[in-house]
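Below: one structure, written as structure tokens.
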Amino acid sequence: MTIAPVIPPAGLGTWDLRGKDCVRAVHEALELGYRHVDTAQMYENEREVGRGLRDSRVPRDEVFLTTKLWIDSLTRKAVPKATEECLKRLATEYVDLLLIHWPVADVSLSETLGAMTRLLESGRTRNVGVSNFTLPLWRQALELAPAGVNQIEFHPFLDQESLVRFARERDLRIVAYTPLAKGRVTREPSIVEIARIHGRTPAQVTLRWLIQHPGVAVIPKASRREHLRENLGIFDFELGSSEMRTLSSLGRNLRLVDPGWAPDWSAR
Ligand code: NAP
């Protein structure tokens, strides 16, 4: 059985954070208490993420750092090479989690995961996992490697019940990306109303709804300090079961990240 890692439930997403803004956001987030940062080879900001980590002076072993291998770096040869380059840019000896960013058809999963497993053995990553994997693909990955984490788009407008149930049954982890539906949750009347009742913001209610699912962590991206602070304020209140159901009922298959190379999402 795959032993899934302990992941701090509230992390910082860094897609689209560049240059000085990225260094500052990572530094501020760590100062505010974040201990989980998400980046990727493809975000072209690993240097800045590493700089923000070092500037904060938070010890490396207190931060859960994730990066992801891009779709052109998944062969037996490319995996160790690309990972070494990521580590060099991040200026760290290891990442806590190394993910396959997207599933691809032209390299076998066993080749990629075999190479990633060797990086587990050499200590260059503490955990391996996948991202954007449908349920059949995740099952396949779990046959090949301890890929106990799947990072997926997950917010109230996109029902992910079958993956969440699978993760719960197998004690696996889901990291919810685009958890605020890129800000759209702040305009949803039923979320606004629940937020009013709790004296919270719609973003906080949404992130709370996500982390109240067992095994789910969130990685909202925020560049503004007030957003960074707000998104961490989700541990001192709780949503009741009817409030949980209200948010769960908002699913309307709204997929905000759906590039041409995405897998067949309808696969069950
Ligand atoms: P998101 O986190 O849902 O939304 C980010 C937007 O919400 C930004 O415009 C941000 O504004 C705003 N925001 C943040 N906190 C807020 C708050 N408290 N109230 C109101 N607005 C708020 O979308 P995302 O960036 O697409 O996703 C988050 C992270 O997931 C990414 O950064 C990346 O790390 C990861 N991701 C992974 C994949 C994948 O394929 N694995 C794909 C997409 C994303 P400000 O910046 O102005 O603060």
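Worth a mention:
- Among the residues making up the stretch 168-185, those that are within 6 Å of the ligand (Cβ to nearest atom) and either among the charged types (D, E, K, R) or touching a helix residue (DSSP H, G or I) at 6+ places or on another chain (Cβ under 6 Å) (or both) are P179, L180, K182.
- Per-region count, the stretch 31-51, residues in contact with a Gly (Cβ under 7 Å, 6 or more places away or on another chain) and not acidic (D, E): 3
- Flag set for E153, criterion: acidic (D, E), buried (at least 19 other Cβ atoms within 10 Å of the Cβ) and closer than 21 Å to P214 by Cβ.
- Annotation note: of A222, A203, A195, the sole residue that is within 11 Å of the ligand (Cβ to nearest atom) and more than 23 Å from D16 (Cα to Cα) is A195.
- For the stretch 92-104, filtering for residues that are in a loop (DSSP other than H, G, I, E, B) and within 10 Å of I71 (Cβ to Cβ) leaves 4.
- Some residue of the stretch 229-241 being hydrophobic (A, V, I, L, M, F, W, C), in contact (Cβ under 8 Å) with a residue 40 or more places away in the chain, touching a His at 6+ places or on another chain (Cβ under 9 Å) and within 9 Å of the ligand (Cβ to nearest atom): no
- In the stretch 79-92, the qualifying residues are those that are touching a residue at least 24 places away in the same chain (Cβ under 8 Å) and out of contact with any helix residue (DSSP H, G or I) (no Cβ under 7 Å at 6 or more places or on another chain), and the one that is nearest to E48 (Cα to Cα) is L87.
- Any hit, the stretch 73-82, residues being part of a loop (DSSP other than H, G, I, E, B) and in contact with a Gly (Cβ under 9 Å, 6 or more places away or on another chain): yes
- Residue match in the stretch 30-42 (condition: within 12 Å of the ligand (Cβ to nearest atom), among the hydrophobic types (A, V, I, L, M, F, W, C) and surrounded by fewer than 24 Cβ atoms within 10 Å (Cβ to Cβ)): yes
- Residues that are touching a Phe, Trp or Tyr at 6+ places or on another chain (Cβ under 8 Å) and among the small types (G, A, S) do occur in the stretch 37-45, at least one of them.
- Residues located in the stretch 50-70, provided they are part of a helix (DSSP H, G or I) and near the ligand (Cβ under 10 Å from one of its atoms): none
- Count - residues of the stretch 161-202 that are farther than 16 Å from A217 by Cβ and surrounded by 19 or more Cβ atoms within 10 Å (Cβ to Cβ): 9
- Among the numbered conditions (1) within 18 Å of the chain's Cα centre (by Cα); (2) among the aliphatic types (A, V, I, L, M); (3) surrounded by fewer than 24 Cβ atoms within 10 Å (Cβ to Cβ); (4) more than 15 Å from L232 (Cβ to Cβ), the only one that L69 does not meet is (3).
Every number here is computed from the coordinates shown, using simple stated rules; none is lab data. Bear in mind that the values here come from a model prediction, so they are computed numbers and not experimental data. Note: ideal-geometry Cβ built from the backbone for every residue, glycine included; neighbour counts use all protein chains shown.
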